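Here's the structure, in structure tokens; my notes come after.
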Amino acid sequence: MPVSMISAALVAGLVGYGSTIALILAAAAAVGADAGQTASWVAAICFSKAIGSALLSSWKKVPVLLAWSTPGAALIAASTGVDIHQAAAAFIFAGLLIALTAAIRPLNRAVNAIPAGVASGMLAGVMLPFTTAVAGHAASEAMLVLPLIAVFLLMRLINPLMAVLAALLAGLVIAFTFGGAPFPSTDVDWTWLTFVRPEFEPAILLGLGVPLYLVTMASQNLPGFTVLRANGFEPPVTEALGVTGILSAFFALFGAHTINMAAITAAICLGDDVHPDRTQRWKVGLVYALVWFMLGLFGPVIVPAILAMPPEIIAVVAGLALIPPLIGALASAFDAQATRFAAAATFTVTASGVAAFGIGAAFWGLVAGLLVHLLDKLKRP
């Protein structure tokens, strides 16, 4: 196993963890998870990714790298009126839907029938409030926030993949120096997983579970499969959906939301520079799995350190992490002229944050976009 394979997997793991861990913590806070449940969430999703990556890579002899659903975390963080037990039920529901997509062809076709512009409009609407919040925090806490933005922008010129990780590290330094954050206790609780009893509420399953399923499928799994194809590998679509869906449903019992195919971080590990022999490149999935397993093991140390930071820093790092996917979602939403108006309807309703009958804005944005799309199709000759 060449050193290049180990280094690529290590970079991919650290970039994936460091660039969006703040968003996971924001999602946990939004559903009222306590410190133990938050640590369990992070550990469970790391273990889930490690098991899935190792299993799929060794089984199919294809470098399958898994990630947590970043847009899904943004969706959860934007939710209101949902507690951790109801959220866990929604995560189970979303995981089962992903697994069923692999097994039931009509469901697969129904998801694929949703226009890409509408799905992207919903995703962009979910992420917009987080990115616009960066400017608000910069105005109210300039001394804490402006240095993070400066580090992010400068690192983008050198290595865009490391920009958010650099901002997170800068945030840690600022928080524990003049930010006044207390240092985490050295008495670490090494309890990795905490059982979270799910509470199944139909409105939450519709308002959070269904949108979580859709953004995971449209914004994570489909691009992940595309990245594999672009690098000359045939993605094991059915097996990947089945494994990630089942693992997501199981580890939801410990607070974790959905896992899915990686796209950006996967691209780091798929090139010829990782291993010259394409038939041996699947082994990078094993190293990647080991990296995530270790990140899960040391979560009880890492998570309290990040949670000790001022909430403004966590919010800004999360907002900065969502700028690239927001750009991609907006570009996809308004790319096809035939669905632009439907995408705009989806985007505006979702971004408004409106909720009705206990169901969140992402679901209503999707409904609005699909209705507009159907009306547009009716008027066409």
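The values are calculated or read from the model by the stated rules, or taken from the named source; none is laboratory data. Keep in mind the model is a prediction, meaning the values are calculated, not measured. Virtual Cβ from ideal backbone geometry, glycine too; neighbours counted across all protein chains shown. Please note that ligands, DNA and RNA were not included when accessible areas were found on the heavy atoms of the full protein model with its side chains. Shrake-Rupley method; radii C 1.70, N 1.55, O 1.52, S 1.80 Å.
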- prompt: Applying the selection to segment 89-107, what residues are part of a helix (DSSP H, G or I) and over 19 Å from the mean Cα position of the chain (by Cα)?
  reply: Leu100, Thr101, Ala102, Ala103, Arg105, Pro106, Leu107
- line: Over segment 108-143, the set of residues among the β-branched types (Val, Ile, Thr), modelled with pLDDT under 85 and assigned to a helix (DSSP H, G or I) is Val111, Val126
statement: Residue set Val31, Val64; condition crowded, with 23+ Cβ neighbours inside 10 Å, modelled with pLDDT of 90 or more, more than 15 Å from the chain's Cα centre (by Cα) and under 21 Å from Ile313 (Cβ atoms); output residue Val31
message: I'd like to know if segment 230-242 contains one or more residues that are of a type in the set (D, E, K, R), open to solvent by less than 40 Å² (accessible area, probe 1.4 Å) and not in a loop (DSSP other than H, G, I, E, B).
response: no
- prompt: Which ones in segment 246-286 are within 15 Å of Gly16 (Cα to Cα), over 14 Å from the mean Cα position of the chain (by Cα) and open to solvent by 20 Å² or more (accessible area, probe 1.4 Å)?
  reply: Ala267, Ile268
field: Which listed residue, of Leu206, Leu146, Leu161, is modelled with pLDDT of 90 or more and closer than 30 Å to Ala344 by Cα
entry: Leu206
- prompt: If a residue has to be over 22 Å from Ala87 (Cβ atoms) and either of a type outside the set (S, T, N, Q) or outside any helix (DSSP H, G or I) (or both) to count, how many in segment 17-36 make the cut?
  reply: 1
Where a residue in segment 243-254 is touching a residue at least 60 places away in the same chain (Cβ under 8 Å) and on the phi < 0 side of the Ramachandran plot and its partner, wherever it lies, is open to solvent by 40 Å² or more (accessible area, probe 1.4 Å) and not in a helix (DSSP H, G or I), with Cβ under 7 Å and at least six apart: Leu253/Phe195; Phe254/Leu193; Phe254/Thr194; Phe254/Phe195
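For every residue, the table says whether it meets (1) among the acidic types (Asp, Glu); (2) more than 21 Å from Gly242 (Cβ to Cβ); (3) surrounded by fewer than 23 Cβ atoms within 10 Å (Cβ to Cβ).
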site	(1), (2), (3)
Asp83	yes, yes, yes
Ile92	no, no, yes
Ala99	no, no, yes
Ile104	no, no, yes
Val118	no, yes, no
Met122	no, yes, no
Val126	no, yes, no
Pro129	no, yes, yes
